[in-house]
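Please read the structure below before turning to the comments.
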Amino acid sequence: MGTEMNKTYNPAEIEERLYQKWLDKKYFHAEVDRSKKPYTIVMPPPNITGQLHMGHALDNTLQDILIRFKRMQGYNALWQPGTDHASIATEVKVTNKLKEEGISKEELGREGFLKRTWEWREEYGGRIVSQLKKLGSSADWDRERFTMDEGCSEAVQEVFIRLYEKGYIYRGSRIINWCPVCQTSISDAEVEYEDQAGFFWHIKYPVIGSDQYVEIATTRPETMLGDTAVAVHPDDERYTDLIGKKLMLPLMNREIPIVADTYVDKEFGTGAVKITPAHDPNDFEVGKRHDLPEINIMNDDGTINKNGGKYAGMDRYEARQAIVKELTELGLLVKIEPHNHNVGTHDRCHTTVEPLVKKQWFVAMEELAKPAIEAVKNGELRFVPQHFDRTYLHWLENIRDWCISRQLWWGHRIPAYYCADCGEITVSPTKPEACCKCGCHNLTQDEDTLDTWFSSALWPFSTLGWPKQTEDLDYFYPTNVLVTGYDIIFFWVIRMVFSGYEHTGRSPFQDVLIHGLVRDELGRKMSKSLGNGIDPLEVVNQYGADALRLTLVTGNAPGNDMRYSEKKILASRNFANKVWNASRFMLMNIEKADLSDVTLDDLTPADKWILSKANTLVKEVTENMENYDLGVAVSKLYDFIWEEFCDWYIEMVKPRLWNDEDASKGAALYTLKNVLIIALKLLHPYMPFITEEIFCSLQDEEESIMISRWPEFREDYNFKEEENEVEVIKTAVRNIRNMRADMNVPPSKKAKVYVVSEKQEILDIFDRSSVFFATLGYASEVIPQTDKSGIPEDAVSTVIPDAVIYIPFADLVDLDKEIARLEKEAKRLAGEIKRADGMLHNEKFLSKAPAAKVEAEREKLAKYTAMADQVNARLAQLKG
RNA sequence: GAGCGGUUAGCUCAGUUGGUUAGAGCGUUGCGUUGACAUCGCAAAGGCCGAUGGUUCGAGUCCAUUACCGCUCACCA
């Protein structure tokens, strides 16, 4: 690198090279090492069908920051990666591809289809992984896993069998959510409710043996084909006489009873509810209570089946129209009202879900949920930010049994075998020799596969070898933190937690760091349909992975959504460039220098000041990162590097570097280098590439920043006195600049700077810092003195604590402007004095506030009073 | 219907245990470029921290009420 460094940082040139270096050196790889403490993060496995989007970028950036941080702190850091088979998504993708070739899934058959899907996975399943690498993700790719690999599949079978034997997994006919397009059952978590404008159809059902009618209201008239009762509230006087009587179900001409059930809301609709036990969860419950038959009227594709009589074969919406039409003709349709209602849709394809009764496999949740609830309540499991435990607990406390069977081929096939002779179910990892009950050999395996989340639920331990008691599992498990979006708590976090407790006896992780969504500039969700998605890979290509990473964590608190914008990425890019150029500056000067002799005693106050600041920064950044306040930590780093280090320290140090005679040149370079290295190390987790590139150029002892030691707070880097001294200089410089800007004096116009103070130590500071005022305050000369002798009457002045600064400008005597300036200063000080004085006259403040606080206010008051006196004296002089 | 979050500068957002002068980036205004960076520097303007009440010596921060916005869950067929 050296002086030939480019003037601007060019990430494209270095990222790939450095990432390859890290891979070659095996820095990402972790092995069991009992001499070190483990730190483990398990990566949420992206779908093999996935393309990297901003959500992945954020999620993985956060994890990479944490894992790099901990690795540098000396932990044996393992970031366990892998991918998810994504049953429905992949099956749909492959099915569609086949369709293009003119082949149907069924034609191919199960085995042929699976073969094709594995091929598809071979070809495309690694795409998302290579995309994650572009972000700089330091996951242990040697350990990459797949939810359907041998080990994970074994874990799935083991869990299924254990839960089955414990009675927690059962097979039963229950109402489930059915997607007529995907033609599979889905779990409650996969149903997304949408507000839709619909109608209320009021229909008359004739009472048998009278000329009366009962009027019901429904949003789904087609389901009446499956009605097996009408329910009313037992206390509803309008209907008491009718309870127990029969109705003639129109169109089907089926006799159905009128039952009384408190489920019915008297106030709503007509107070009479048609009951379709096979197609509505509530009706299903009513049906159970009253022993009503369940008539399934629908085929798997959403068309009406033979139970729907003449409507058989029609699509569900077609049937609805036909039924309404016919009811109208029969004079049974009373009215149609507009009605908004929530419609359940499948979260993948947004098809309206059809609740229907089917024989499926379920996990009984009641017992499993208990330890997961307890974990959060007793603090074993902690959400960051904490309020997400409410969401978590609410879901768990109201959890229903989990429908885990899917009518798909791609996935873990349910390890259950049915006996053709006696009907007994045998659950076994491999096909059993014989039926466990009758001993016959006529066994067939269940056709269904398991919900994708069934295997994801085991991810934190299945990837480490479970059910085998491996070394990895023993050492790396439980993991330390799980990083994921709030949208995934129900699907995944909850299921991992109860699975962890059930199968390993402990929570799979201690902390759950929740992040929000990355939205577009207008605050909208990024989506394909809106076309407002921003491709992280394009951003990486254009601005570099570091800039993207920085953008994603800056100014964002855990759990909050953030907006992505071009402006933000530019700011990050500019920061990278700033870091680059500060380093470039250093390298241009350091080449020939020998710093081996420099010790802390050689440092000037400015050197000690920046070192001390850097030291404090180390402490704060480390603490913030331990608390997952990554945004806070990085903004402190940003401010330190840009303001303190670049704008002040480098500027202060320049004259020393340009002067080869300066005895403190070596100390300056020594400090520049050390502080820069501290800053780079702290920054590395956020911006791994640029920090590595610079680090390697800066020194030749260590081969990589990513395995270097995280800086620690050092008592010997604590220089309070020097910090104060530089604060005095900074304040003076700022005031001088301010003064000059107010008076419209161009920098080219140098001027003498007089400093008047009664305190010798203040004068000494200015005496030895005159060079700073020459470069930073455009001073031709700095003259510290105890009185005002020799200072021209019309000099412009400014007051700092314990001193007054005068600058005489030869041809500048805009008295009014100067008076206005000073009056503004006086006003500000008066405000401060009033405030401090008020506090100090408050008896309760004096008696109740901590003594140090009171003392601090006293000091402030004294300081401001003295300053105000100076300003007012000067004002009096100018006015007089 | 229930739960949660937000409301702070023109815009986008920080603000860690309450400490009295509330911060950043972008934008705006003025000045500035021969030796790190114009992807830059210097300076400035701009906020009674949604409203009301309370606790406290002290509230952007804690409590209560309320308004608006957003999210999630549960739903009345």
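So how far apart, in nm, are the two label points at A:Ala856 and A:Lys528 if each is 7 Å from Cα heading toward Cβ?
Label at A:Ala856, label at A:Lys528, 5.6 nm between them.
Whenever you get a sec, compute what percent of the accessible area on region A:425-530 sits on carbon and sulfur atoms (1.4 Å probe).
Roughly 49 percent, rounded to a whole number.
A:Glu566: accessible area at probe 1.4 Å, nearest 10 Å²?
Per-residue accessible area (A:Glu566): approximately 90 Å².
Which of the cysteines found in chain A have nothing to pair with, since no other Cys Cβ lies under 4.7 Å from theirs?
Flagged as lacking a Cys partner: A:Cys152, A:Cys349, A:Cys403, A:Cys436, A:Cys440, A:Cys646, A:Cys696.
Could you tell me which of A:Pro221, A:Val497, A:Tyr39 has its Cα farthest along the dipole of chain A towards the positive end, charges placed at Cβ (Lys, Arg +1; Asp, Glu -1), taken about the Cα centre?
The listed residue farthest towards the positive side: A:Pro221.
Magnitude of the Cβ-charge dipole of chain A, K/R +1 and D/E -1, about the Cα centre, nearest 20 debye? Numbers along the way, then the final one.
On the way: 108 positive and 140 negative charges, 181 e Å.
It comes to approximately 860 debye.
With every protein chain kept in place and ligands, DNA and RNA left out, what is the accessible area per residue of region A:662-794? Probe 1.4 Å, answer in Å².
Per-residue accessible area for region A:662-794 comes out at 43 Å².
With only alpha-carbon atoms counted, please give the Rg and Dmax of chain A, in Å.
37.1, 121
Simple spin-label model, 7 Å along Cα-to-Cβ: A:Lys431 to A:Ser210 in nm?
Between A:Lys431 and A:Ser210, the label points sit 6.2 nm apart.
For region A:273-417, with all protein chains present and a 1.4 Å probe, just round the carbon and sulfur fraction of the accessible area to a whole percent.
Values: 3170 of 6760 Å².
Carbon and sulfur: 47 percent of the exposed surface of region A:273-417.
Quick one: accessible area per residue over region A:298-409, 1.4 Å probe, rounded to a whole number of Å²?
Working: 5610 Å² over 112 residues.
Accessible area per residue, region A:298-409: 50 Å².
Dipole magnitude of region A:444-569 about its Cα centre, charges +1 at Lys/Arg Cβ and -1 at Asp/Glu Cβ only, in debye to the nearest 20? The partial results should precede the final answer.
Values: 11 positive and 17 negative charges, 121 e Å.
The dipole magnitude comes to about 580 debye.
Place a +1 charge on the Cβ of each Lys and Arg in region A:70-224 and a -1 charge on the Cβ of each Asp and Glu, then give the dipole magnitude about the Cα centre in debye, rounded to the nearest 20.
In total the dipole reaches around 440 debye.
Taking R0 as 60 Å, what FRET efficiency do you get between A:Leu595 and A:Asp195 from their Cβ-Cβ distance, rounded to the nearest 0.05? Let's see the in-between values first.
Numbers: r = 68 Å, r/R0 = 1.14.
The formula returns an efficiency of 0.30 here.
Please find the FRET efficiency linking A:Ile707 to A:Lys749, where r is the Cβ-Cβ separation and R0 is fixed at 60 Å, and quote it to the nearest 0.05. Intermediate results must be reported in sequence, preceding the final value.
Values: r = 52 Å, r/R0 = 0.87.
For A:Ile707 and A:Lys749, the calculated efficiency is 0.70.
Could you work out the local net charge near A:Cys436, counting Lys and Arg as +1, Asp and Glu as -1, over the other residues with Cβ closer than 14 Å to its Cβ? Numbers along the way, then the final one.
Values: positive: A:Lys431, A:Lys437; negative: A:Glu165, A:Asp421, A:Glu424, A:Glu433.
Taking every Cβ under 14 Å from that of A:Cys436, the sum is -2.
Measuring with a 1.4 Å probe in the full set of protein chains, what accessible area per residue, in whole Å², belongs to region A:16-169? Mind dumping the intermediate values first?
Details: 6270 Å² over 154 residues.
Solvent-accessible surface per residue comes out at 41 Å².
What part of the accessible area of region A:1-87, given as a whole %, is carbon or sulfur when the probe is 1.4 angstrom?
Working: 1530 of 3190 Å².
Carbon with sulfur: 48 percent of the solvent-accessible area.
Given the Cα-Cα distance of A:His290 and A:Trp642 and 0.36 nm per residue of separation, how much length would full extension add, in nm?
119.3 nm
Please list, by residue number, everything in region A:183-200 whose backbone N is under 11 Å from a paramagnetic label point 7 Å out along Cα→Cβ of A:Gln407.
A:183-186
Cα centroid distance between region A:229-261 and region A:471-528, in Å?
49 Å
Which residues does the label zone of A:Arg400 cover in region A:186-203, counting backbone N under 18 Å from a point 7 Å along Cα→Cβ?
Under 18 Å, as judged by backbone N against the label point of A:Arg400, lie A:186-195 of region A:186-203.
Could you order A:Leu114, A:Leu680 by accessible surface area, starting with the largest, using a probe radius of 1.4 Å? Each step should come with its number before you reach the end.
Working: A:Leu114 45, A:Leu680 5 Å².
Of A:Leu114, A:Leu680, the descending order of accessible area is A:Leu114, A:Leu680.
Give me the distance between the Cα centres of region A:111-175 and region A:289-344, rounded to whole Å.
40 Å
The values are calculated or read from the model by the stated rules, or taken from the named source; none is laboratory data. Keep in mind the model is a prediction, meaning the values are calculated, not measured. Please note: Cβ atoms are built from the backbone with ideal geometry, for glycine as well, and neighbour counts cover all protein chains shown. When the accessible area is computed, the model is the full protein with side chains, heavy atoms only, and any ligands, DNA or RNA have been set aside. Shrake-Rupley method; radii C 1.70, N 1.55, O 1.52, S 1.80 Å.
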